[in-house]
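Below is one structure, written out as structure tokens; the observations come after it.
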Amino acid sequence: TTTTTTTTTTTITLLRPLTTLFRPLTTHLPRIRTMAPTVLQSTDAQSTDPHHPTIVLIGGGNMAEAIAGGLLANGYPNHRIRVSEPLPERIAYLHDRYPTLNVLADNHVALRGANPESSPAADVVVLAVKPQILRPVVTDIAPTLRAANPLVISIAAGIRTEDILRWAGAKDVALVRCMPNTPALVLEGAAGLYATAKVSEAQKETAERILGAVSKKVAWVHKEELLDAVTAVSGSGPAYFFLVMEAMEKAALDLGLSPDVAKDLTIQTCLGAAKMAQTSPDDLATLRRKVTSPKGTTEAAINTMEEGGVRRVIEAGVRAADARGKELADLFGKE
Ligand SMILES: NC(=O)C1=CN([C@@H]2O[C@H](COP(=O)(O)OP(=O)(O)OC[C@H]3O[C@@H](n4cnc5c(N)ncnc54)[C@H](OP(=O)(O)O)[C@@H]3O)[C@@H](O)[C@H]2O)C=CC1
Ligand SMILES: O=C(O)[C@@H]1CCC=N1
């Protein structure tokens, strides 16, 4: 409804658009390097390089790979990133795929550094495990979090900050809850962030720069519950577009195109449409109408899709994701 739209757009602060804030790879580096020197100097044991806070990702799964891989691709120094991952096969995969990435098998070792004499403790801890195991993980590392006082960024879907702070055993932990997405791996991410009361402006800037290094849109939300909406739109969203592309590719194959052509045309069409949507002054409906010649092929397709209830199904899907975020919080956040 109009009311919902208005509320959402006024509550979410979209930061500067891509063209002004995010630049091509070569110009990305200075932006990270210009991080304010005061950002993360809460203890002597911590990083002596304020431009590149030491980032420790707890959990080395798909999303951690996207963030770490994106940061590396963006020129972030590899010795300032550590990933903690228990599964040997996954460690082997990460070593193979990112030979310079520091992957460790123990959360505590990752937090303090394999060699505490030479490697700084974590300045930023990114909680990148599944929502189902966030509680035992946070409870386990809570003493370190309280002692070292890093900026903590949780990317777990659904799980609320009040629960994470309770597990950490300290309300004054600086905690940002964030929802990135996997296109971060190709530096095309979109992310929403929410800051708790103890997060300083400098720490907000740090979180924004880390996510901004791998995301072309970074939006702060001022009500935590809106992160479930962000999750439903951009967190889960890549999967919706992959689903649509799967269906288009299948139809293309059925119509007789070769696998390569079916795949390439589908993907390039998706990319081209997204680029047009991003750069054109026209709104989405106008862009759609401009493809849709009266009594033409697109009209035949769109009519068929509309009759099939495509809008209702997509809207219901996004709402289901939003509801599942709240469910995850209730299921795994209450203990
Ligand atoms: N995938 C996505 O598109 C997005 C995911 N998220 C969120 O990111 C988080 C991670 O998701 P995703 O990367 O997809 O999930 P994955 O399952 O791929 O990654 C989680 C990783 O954590 C590892 N792990 C398990 N137990 C521990 C432990 N005790 N200490 C450290 N690591 C551990 C897992 O290992 P093992 O396999 O052995 O269990 C696994 O490799 C989730 O909370 C999700 O909600 C947010 C945005 C987008
Ligand atoms: O599916 C999930 O729960 C996670 C969160 C957003 C994308 N993947």
Scan the stretch 110-124 for residues that are free of Cβ contacts under 8 Å to residues at least 40 places away in the same chain and surrounded by 15 or more Cβ atoms within 10 Å (Cβ to Cβ) and jot them down.
R112
Please name all residue pairs, on different chains or six or more residues apart, with Cβ atoms under 9 Å, provided the first residue is in the stretch 244-273 and is within 20 Å of R311 (Cβ to Cβ) and the second residue is among the basic types (K, R) and in a helix (DSSP H, G or I).
M245/K263
Whether any residue in the stretch 62-83 is within 9 Å of ligand 1 (Cβ to nearest atom), over 16 Å from the mean Cα position of the chain (by Cα) and touching a residue at least 60 places away in the same chain (Cβ under 8 Å) is what I want to check.
no
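From the list K295, K290, K326, which residue is of a type in the set (K, R) and outside any helix (DSSP H, G or I)?
Of the residues listed, the single one that is of a type in the set (K, R) and outside any helix (DSSP H, G or I) is K295.
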As an exercise: evaluate V244 against (1) within 16 Å of ligand 2 (Cβ to nearest atom); (2) open to solvent by 50 Å² or more (accessible area, probe 1.4 Å) and give the number of the one condition it does not meet.
(1)
Which listed residue, of L87, L101, L127, L94, is away from ligand 2 (no atom under 16 Å from the Cβ), touching a strand residue (DSSP E or B) at 6+ places or on another chain (Cβ under 6 Å) and either at negative phi or open to solvent by 30 Å² or more (accessible area, probe 1.4 Å) (or both)
L94
Return a yes/no flag: does the stretch 271-282 have any residue that is assigned to a loop (DSSP other than H, G, I, E, B), within 28 Å of the chain's Cα centre (by Cα) and among the hydroxyl-bearing types (S, T, Y).
yes
Only one residue in G235, G256 is more than 16 Å from ligand 2 (Cβ to nearest atom), open to solvent by less than 70 Å² (accessible area, probe 1.4 Å) and either of a type in the set (K, R) or modelled with pLDDT of 95 or more (or both). Which one?
G256
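The values are calculated or read from the model by the stated rules, or taken from the named source; none is laboratory data. Small disclaimer: the values here were computed from a predicted structure and weren't measured. Every residue, glycine as well, gets a Cβ built from its backbone with ideal geometry; the counts of neighbours run over all protein chains shown. Accessible surface is based on the protein model in full, side chains and every heavy atom, while ligands, DNA and RNA are left aside. Shrake-Rupley method; radii C 1.70, N 1.55, O 1.52, S 1.80 Å.
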